[in-house]
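To start, the structure under review is shown below, and the notes come after it.
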Amino acid sequence: MDVPEIVEEIIDLLLTGLRDSDTIVRWSSAKGIGRITARLTPALSEEVISSILQLFSPGEGDGSWHGGCLALAELARRGLLLPSSFPDVIPVIIKALHYDVRRGPHSIGSHVRDAAAYVCWAFGRAYTNCDMKAVLEQLAPHLLTVACYDREVNCRRAASAAFQENVGRQGTFPHGIDIVNTTDYFALASRSNSYLNVAVSVAQYKKYLYPFADELLCNKITHWEKSLRELAAQALSLLVQYDMDYFGGHALEKLVPCTLSSDLCTRHGATLAAGEVALRLYQLGFTFSTDMQKALSGIVPAIEKARLYRGKGGEIMRSAVSRFISCISIAGISLNEKIKKSLLETLNDNLRHPNAQIQCAAVDALKHFIPTYLVSSGEKIANDIISKYLALLDDPNVAARRGAALALGILPYKFLILKWMPVMNKLCSSCTLEDKPDDPDAEARVNSVRGLISVCETLTAPFDQSSNSGDSVYAYIKDYVMRALFTALDDYAVDNRGDVGSWVREAAMDALERCTFILCRRDIAALRTAPASGHESELSVMEVNSSSSAHQLFDSGIAQDLVAGIAKQAVEKIDKIREIAIKTLQRILYHEEHLIPFIPHRELLEEIIPNSTDLEWAVPTVSYPRLVKLLQVSCYSKSVLSGLVISTGGLQESLKKASTSALVGYLEDSDINTNCEGKSREHLLSCDLLWVLQCYQKCDRVITPTLKTIEALFSKKVFLTREGYSEFYSGLVDSVGSELKGSKDFTKLCAGLSILGYISSQLDGTCTKAFTQLLTFLGHRYPKIRKAAADQVYLVLLQNDDLIPSENMDKAQELLAETCWEGDLEEARRKRSQINKMAGFSVATSLKSENQETRITDARNIVTTDENKSYSSLVDFSGY
């Protein structure tokens, strides 16, 4: 048959299009080649196939491989790829299924692997069973390898679909249906599920075990992505159960030399995989040969000798080495004394590393290394290790302090019992902000709290709870550890990362809960072993509570402080902390083993916090209406209010709205009974507000939102509708006066002025005192504050006629309205003096303080006389 020359030119253009950089061009070219080849003779079709196969040469790029796979798929789908061509095509398709080329910090090839799976899918649809039997035996292991271990989800699903198509259409395939059910579309969606579950299920068939193992050993543990190498090491260890001799021999022999590879990815993956495989072999009861134990024990010293911690990738190797040491420690690989010392030094170096992940890996390794290799070495080694970690808690390097605190927490009982008091004493002091006032570090305090509670649990675990042994340890936990944890619960440190103290408070809540259970278990065990009169019975809460608390470790005082402290966290501004606090209280109230005794007003707490998982405690509109009910209980109200004002007077509008609404709703709820000598809820709240103002003097973190809360309550007519608040007004005026004196906080000043204005408007004996203070701010150094004070004074005069004689009232209001209070400071103070005279107040005191302030200001700025200087200072301070 004569083929026009133009057809050859067109085919040449289409073959060139298969190399194009755009996917749509390659796809269109593949379609065109399929259509044209369908009209050619078999001989000419073979020539087209030969030209396509040339696209798979090593020198071609990923675009050519992708275009070639698409073209082969089109030919196969149309039945144009004859079975006689399979010997040439199948090896190419197998290579394409594993195509992955490294490009810098990443790799390319997912589109090629996807197209190769499409070719395999097309094979299943176009050929008979007798044609495909031999081909499927070659392709099936590779398809399943891609389906289970490919990095990209679309490639895993494509390979699974191709395998399913071939199983469904070709029929007799060993275990085909079972594997298709395992490797379904949804099971392969998660990479970790594919590696750790799906692949393990498929690997039970011997035909696929060794291809899977080879894929992990040769490609995946050397992959460029760190997380995939870690996943591959775990996946490899899960395959050990099917052939321990293979993995204990061939696999480890291949991995050990790779730990010293010059390529970072290879040595990192090999180190992880060697540790995981060794650990799994031990768990399955495999006996290591002497040579293999020697090879495994020499990996870490060899890595250190090659200085592979230095330069790029040093941090990755440190983490991998720590995990490897952890694995061989659990497996009990025999080590000589020199290697033991070397590994301990390695882990101690990793403890000092600033990377938190490396520190945690080192701590986890020490947790297994010390009991396995050092407990039997004698007290001298134990004392040296403890002394070293205690010294590191005072190290100027914050990373060393963080690591040492965690390391002390994982020491075994036989170590801690030798020097338990210095350890606990040092950790208690390290939990607080006062420990390093010149160099505070939140992470070090968090780790100290975690280490402290771990030490407590380690020291109390071996004791027989019915014996009297360890009484001094329990007494120390009650008297010192609980006190340190309550101090940590009040950590509100802030740095450039925000409220870092919340990390410490979160750890402290967890530690307080665990300490509570420690003390209660001891108390209940002591009660159960006491001489019983009559018959034995199950101890109830009433029996525990009725017992004399004089001999109780967990007494009513600790119970009250515990609930009050955690309840305070449950009403503050951070959603996560609120949720953690409420769930902590929930576990304390409804503990499964035994009820925690001595909790005041347990019934009310159980009503507020039910034993249910349906409530979303992090949502403010859910939690605040319930928790404000604790304000009716005097033993909790002060702590709860000191946390609640942070939310009601905070900056977050939605949180402020929800918490304020809940507080006002609580005050208006007539169903809530205060049970406190008939005093109203408003009266109790006013007393608690004064307590907060006095307790947190000059602490702007609490005082400013408290003043804003009081201002918001005044705006809703709370404390203004009844008589009998003279004591509250007087205390409030005194507190506001002391807080505003010398303050530069614009928000605080405005809230204070507003409060003074509300009190001055009341026909009460305190109004004159508040009005006098309000007038002093007419001469404030900040123009905006002078203007705000003038506005408040004007509003006060409109509402209260008794403050200024009636003959001077109009003149005073006119003077307030016409004066430019944001202008010259001296002019403002002269006008203020005139208003003072109209009101009949003495101005000597205020003038004396202002003259002193003026002299200080003049000493700072002798040259400048710019009237806007104070305003610019205010703007700078406010951050606008």
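The values are calculated or read from the model by the stated rules, or taken from the named source; none is laboratory data. Only a predicted model underlies this, so the values are computations on that prediction, with no experimental measurement involved. Here the Cβ is made from the backbone with ideal geometry for all residues, glycine too, and neighbour counts use every protein chain on show. Surface accessibility is based on the protein's heavy atoms, side chains included, excluding ligands, DNA and RNA. Shrake-Rupley method; radii C 1.70, N 1.55, O 1.52, S 1.80 Å.
Treating the range 367-465 as a set of equal point scatterers at the Cα positions, no solvent, please give the Debye-formula log₁₀ I(q)/I(0) at q = 0.15 Å⁻¹.
Result of the Debye calculation: -0.56.
Could you provide, to the nearest whole Å², the per residue accessible area of the range 614-764 with probe 1.4 Å?
Solvent-accessible surface per residue comes out at 42 Å².
For GLN813 and ILE10 in the same chain, what is the full-extension length gain: residue separation times 0.36 nm, less their Cα-Cα distance, in nm?
So the extension gain works out to 279.5 nm.
Could you tell me which trypsin sites (Lys or Arg not before Pro) in the range 572-681 are loop residues by DSSP with no more than 13 other beta carbons within 10 angstrom of their beta carbon?
Loop-located and lightly packed - LYS679.
So, taking all protein chains as they sit and a 1.4 Å probe, how much accessible area belongs to THR271, in Å² rounded to tens?
Per-residue accessible area (THR271): approximately 0 Å².
Compute log10 of I(q)/I(0) for the chain with the Debye formula, placing one identical point scatterer on every Cα and leaving out solvent, at q = 0.10, 0.11 Å⁻¹, to two decimals.
Debye curve over Cα of the chain, log10 I(q)/I(0) at q = 0.10, 0.11 Å⁻¹: -1.12, -1.21.
Using DSSP to call loops (not H, G, I, E or B), can you name the trypsin sites (Lys or Arg not before Pro) in the range 19-70 whose Cβ has at most 12 other Cβ atoms within 10 angstrom? Before the final figure, lay out each step's value.
Working: sites: ARG19, ARG26, LYS31, ARG35, ARG39; in loops: ARG19, ARG39.
Passing both the DSSP loop test and the Cβ count: ARG39.
Which semi-axis lengths, in whole Å and largest first, follow from the square roots of five times the eigenvalues of the Cα gyration tensor of the range 552-643? Let's see the in-between values first.
On the way: eigenvalues 79, 49, 26 Å².
Square roots of five times the eigenvalues give 20, 16, 11 Å.
Per q in 0.12, 0.17 Å⁻¹, report the Debye log10 I(q)/I(0) for the range 226-332, using one uniform scatterer on each alpha carbon and no solvent.
With no solvent term, the Cα-only Debye profile gives -0.35, -0.70.
Excluding residues fewer than 8 places away in the same chain, name every one of the lysines whose C-alpha is closer than 26 Å to that of LYS95.
Within the straight-line limit of under 26 Å, LYS95 reaches these lysines: LYS31, LYS133, LYS206, LYS207, LYS220, LYS226, LYS254.
Whenever you get a sec, compute what percent of the accessible area on the chain sits on carbon and sulfur atoms (1.4 Å probe).
Values: 20190 of 39600 Å².
Answer for the chain is 51 percent, counting heavy atoms of protein chains only.
Using only DSSP helix segments of four residues or longer, with each worth -39500 (n - 2.57), what per-residue ellipticity at 222 nm results for the chain after dividing by its residue count and rounding to 500?
So the helix-based figure for the chain works out to -20500 deg cm²/dmol.
Label the range 309-392 by shape, choosing from rounded, prolate and oblate, from the square roots a ≥ b ≥ c of the eigenvalues of the Cα gyration tensor; if a/c is under 1.5 it is rounded, and otherwise prolate applies when a/b is larger than b/c, oblate when it is not.
Judged from the Cα gyration tensor, the range 309-392 comes out oblate (a/c at least 1.5, b/c at or above a/b).
Given just the C-alpha atoms of the range 349-400, how large is their convex hull per residue in cubic angstrom?
65
Relative to the longest principal axis of the chain, what angle (0 to 90°, nearest 10) does the C-alpha long axis of helix 379-392 take?
Value to nearest ten degrees: 60.
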